1. Would you please name the residue that is nearest to ligand 2 (Cβ to nearest atom), looking only at residues in the stretch B:67-92 that are within 12 Å of another protein chain (Cβ to nearest Cβ) and open to solvent by 10 Å² or more (accessible area, probe 1.4 Å)?
2. Suppose we keep only residues that are assigned to a loop (DSSP other than H, G, I, E, B), surrounded by 19 or more Cβ atoms within 10 Å (Cβ to Cβ) and at negative phi within the stretch A:287-312. Which one would you say is nearest to the other protein chains (Cβ to nearest Cβ)?
3. I'm trying to understand the selection: among the residues of the stretch A:564-582, which are open to solvent by less than 60 Å² (accessible area, probe 1.4 Å) and modelled with pLDDT of 85 or more?
4. Looking at the stretch B:1-95, what helices (runs of 4 or more DSSP H) fall wholly within it and have at least 1 residues that are within 15 Å of ligand 1 (Cβ to nearest atom), under 12 Å from the mean Cα position of the chain (by Cα) and not hydrophobic (A, V, I, L, M, F, W, C)?
5. Filter the stretch B:30-59 down to residues that are within 16 Å of ligand 2 (Cβ to nearest atom) and of a type in the set (Phe, Trp, Tyr) and give me whichever is most open to solvent (accessible area, probe 1.4 Å).
6. Mind listing just one residue for me: the one in the stretch A:426-450 that is away from every other protein chain (no Cβ under 13 Å) and without any contact (Cβ under 8 Å) to a residue 40 or more places away in the chain and, of those, most open to solvent (accessible area, probe 1.4 Å)?
7. Hey, can you tell me all the residues within the stretch A:520-541 that are touching a Phe, Trp or Tyr at 6+ places or on another chain (Cβ under 9 Å) and open to solvent by 20 Å² or more (accessible area, probe 1.4 Å)?
8. Under the condition of being touching a Ser or Thr at 6+ places or on another chain (Cβ under 6 Å), in a loop (DSSP other than H, G, I, E, B) and not aliphatic (A, V, I, L, M), which residue from the stretch A:548-585 is farthest from A:SER457 (Cα to Cα)?
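The values are calculated or read from the model by the stated rules, or taken from the named source; none is laboratory data. As the structure is a computational prediction, the values presented were derived from the model and not from experiment. Methodologically, a virtual Cβ is constructed for each residue, glycine included, from the backbone with ideal geometry; neighbour enumeration extends over all protein chains shown. Keep in mind that these areas ignore ligands, DNA and RNA; they rest on the heavy atoms of the full protein, side chains included. Shrake-Rupley method; radii C 1.70, N 1.55, O 1.52, S 1.80 Å.
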Amino acid sequence: MERANHQEGEAQGVRICDPPSESNPPADTLATSLSLLGNHMFPDPVERLGSTTVSRDDPANSSDVTAEEPSVDAEPPSNQLMKLETEDTETSESQPVVSAQPADRGTEDAAADNDQNDSGEFVVAMLAKAKLEEQGIGVKGRSSPLLEAGTQESPTFTSHRDEDVTADSWRQHRKHVFVLSEAGKPIYSRYGSEEALSSTMGVMMALVSFVQSSDNIIRSVYSEEHTVVFLQKGPLVLVCVSSSRQSEQQLRGELMYVYYQIISMLTQASISRIFEHKKNYDLRRLLAGSEKILDGLLNLVDSDPSFLLAAVHCLPLASSLRDSLSQILQKAITPNLVFSILIAKNQLLTIVQEKTVIEDTRLEPADVHLLLNLIGASSAFQAGEIWTPICLPLFNPDCYFYAYISYLDPPDCTVCLLLLSTDKEAFYAVAECKRKIEEAMETQNSLSLIAKAQSYSVSQVGVSDLRHFMYKPFDVPDNYRQLTQFTSPEMEAPYGSEEEKMRLLDLYRYMHSRIHSTSRPLKLIYHVAERETLLAWVTSKFELYTCFSPLVTKACAITAITKLLRWIKKEEDRLFIRYPPKYSTTPNPSKSSRGGKSDQQDSTDNGFLSLL
Amino acid sequence: MPDKMKRPDVKLVLLGDMNVGKTSLLHRYMERKFKETVSTVGGAFFLKQWGPYNISIWDTAGREQFHGLGSMYCRGAAAVILTYDVTNWQSLAELEERFLSLTDTANHDCIYAIVGNKADLTDPKAHLSRTSDGQPEDQTECEEERTEPQVLSACPTPPASPASLSGVMLHKQVTHEDAVALYGRILRYKGLDEKSSLPAEKVCFETSAKTGYNVDALFETMFDLVLPSILRKRHENQESPTVDLEDSQGAHSRKARIGCC
Ligand SMILES: Nc1nc2c(ncn2[C@@H]2O[C@H](COP(=O)(O)OP(=O)(O)OP(=O)(O)O)[C@@H](O)[C@H]2O)c(=O)[nH]1
Ligand SMILES: [Mg+2]
């Protein structure tokens, strides 16, 4: 994350409490790094934790320079320096923080009671213990992000933080994710095997259960380099250790995606039943083989803004073509078919829903993201037709759909058909729908038309200085109601390289965290960074993130946005799925397709519970 | 239900623990290639043209997560290929513990094959692919150099440390005899008479999806073995053309639901 205009201030803040990291012995395990983190956090544990603990929104943002204003047309006092935000300055000495309050974040927590003090000391003790227990256990030969970030950034901390971003290892390891069971059994680790990390996981677990026992839900731990976020969902505990400078809220959202992906494979009901039955069950037995799906998800979360925006991205398509594709799907139906989805280049082309389903509910973007990730992770052998149970956790966390996945353009395998049925036995009937769709698409020459479709360039908008944007409309016209979408051009130069893409995404994530700050949400942010200027704006109708060349004036940016909004309005039929057709396939439509135990949906466990 | 789909004449199912190489075997056979795979989710359906017949092949997921689906994939199957990994004893044990019961929904005259895959890891002879016509297979995407492997005696287990082509040979945990013994137990489980059933030599294979060793032999033997089943079915179908194809297959006179088998 770029902090262009205040490196000095931040550097000072850092120096004040930067631990003597040079004196830390080189560590090469996550646990030792964690204890390093412990040092970072608690250079002087007792004293620090004995004093008042401040829970605040995001220490990373402490001395950021941004410009805010209530409306676009307000005249800015200056182009670059609008108003120095002083909100966080009182905490800018980067005092480490353990935020152990379930709510009321961002307020000074005067009630630093014994529980908290104890938990803080406990953190230190446990992290130190992790160091002892895990000396010598390598993490698949990679050092941890904590360590890397620490060693890389400590010496050159004052400037060019963004330069470090280009290091491959930095990007790959800047975010660790762990999943454990409530009993402390490791379930998943993004990097390194869960076994090798089991004592680290144990430490985290002890941490969580300790705080739980004192009626406090531990939510996050901050140091100036890292954020550790905990999320408990049912019998699962998810932990994220990140140096990505994202807000706790964002990281928590990402952990939710990990949880949902696990649910999508096993269902929430099954997981509960398993752990009711056997508290220390080793869930890896059931998730074995799914690691690639979780790995893939986390890579997408880092690289695809769909997750940040909680919206889906569809491929721009002439509305006539999109309509004709929708009609093809609409005609190829069979009983119990509920969703027909056409995907090209990992983006939605169209989606058609069963009538009764669409009446009660809409497909949540998160469920679509999970489906797209599943397709990406299971496409190794693309000639076949896949039939697999999948749960859409936001639709109904306890039931399975049966997904039919097949590519329509082998051997290229870019156009994918996804049909969801509630009937486990419907494979042949659903496969038959695919043949009908294939036939119709052939007569209409759809595949070659789809092949020509592509994402657009920001230059088409015709606004100089505008480099990139993300626009997410809210449910304005009724037609959007089916699915939250966003549109965004291709990331082009100067954001062509992976590193630069990631840097821009990080800037967007930063803007997003400011807009959605729980303590101090903003409507508009004008952020002048070193290499670009960003403007984020949220209204009741849309959420917009724009990126301009650095020399743009504020007035220019505002004119540009007006032009951009006009362009989007003009193009919206092409940019969004606007008129989603429906079909009716349920023999005896029940209104309770969501939530309740609908007779149509399969709430069985696929038989794996019998293996317990 | 009207249907323009090439209705499969017969169904063949691949079963076995995750990671034993089911997908790789099928991929080797269908695409003549060995490439990295992703653990299968659910099951994947393939249609293979075999002469005038359409053979459907289900490549199932070995993961416990999908355990209960197995019996659905097996319903009405004419042949089941039980796959294990020769370097992993547990994978053979799993066939008996976890997968055999799934075949209860298969045809009563279902043919069972026991296949030990990854033979290239333990047997130098598996580096020379053996195709049905005895010609060495085209080893696409298989990087090993084609040097003459050591000629072995008829010994079913490999020598202690053969000069391997790919370096270190792994310990063979499951012998051919173990597989043959399992076959005997399967026949007993099914209540079949050993004498009137196919002999173990015909249906116990050791294969390598990596080199192609025995892969064609496996699939083509199975296809030939299910031919009688296809012919019978076609015959029955001619006699009562309105009956759904799948109906006549149900092993336990299960009321077949429309469009599934
Ligand atoms: N050396 C060797 N490796 C093999 C062979 N067949 C498969 N593999 C490897 O074993 C791993 C698993 O292969 P898959 O074909 O995906 O296994 P599967 O049985 O389909 O597994 P699931 O889909 O999870 O049930 C892959 O890494 C393959 O490359 C073989 O004949 N020799
Ligand atoms: Mg497989």
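1. Of all residues in the stretch B:67-92, those within 12 Å of another protein chain (Cβ to nearest Cβ) come to B:67-73, B:75-76.
Among the residues that remain, those that are also open to solvent by 10 Å² or more (accessible area, probe 1.4 Å) are: B:67-68, B:71-72, B:75.
Values: B:HIS67: 14, B:GLY68: 17, B:SER71: 18, B:MET72: 17, B:ARG75: 20 Å.
Result: B:HIS67.
2. A:SER290
3. So in the stretch A:564-582, the residues open to solvent by less than 60 Å² (accessible area, probe 1.4 Å) come out as A:564-565, A:567-568, A:571-572, A:575-578, A:580-581.
Once the filter is applied, which keeps residues that are open to solvent by less than 60 Å² (accessible area, probe 1.4 Å) and modelled with pLDDT of 85 or more, the stretch A:564-582 yields A:LEU564, A:LEU565, A:TRP567, A:ILE568, A:GLU571, A:GLU572, A:LEU575, A:PHE576, A:ILE577.
4. Output list reads B:22-31.
5. Taking the stretch B:30-59 first, the residues within 16 Å of ligand 2 (Cβ to nearest atom) are B:30-31, B:33-46, B:57-59.
Going one step further and asking which of them are of a type in the set (Phe, Trp, Tyr), we end up with B:34, B:45-46, B:58.
Numbers: B:PHE34: 53, B:PHE45: 1, B:PHE46: 7, B:TRP58: 6 Å².
Ranking the qualifying residues of the stretch B:30-59, first place goes to B:PHE34.
6. Step one: list which residues in the stretch A:426-450 are away from every other protein chain (no Cβ under 13 Å), which gives A:441, A:443-450.
Filter again for without any contact (Cβ under 8 Å) to a residue 40 or more places away in the chain, leaving A:443, A:445, A:447-448.
On the way: A:THR443: 119, A:ASN445: 90, A:LEU447: 65, A:SER448: 45 Å².
So the residue we want is A:THR443.
7. A:LYS523, A:TRP537, A:THR539, A:SER540, A:LYS541
8. For the stretch A:548-585, the residue satisfying everything is A:PRO581.
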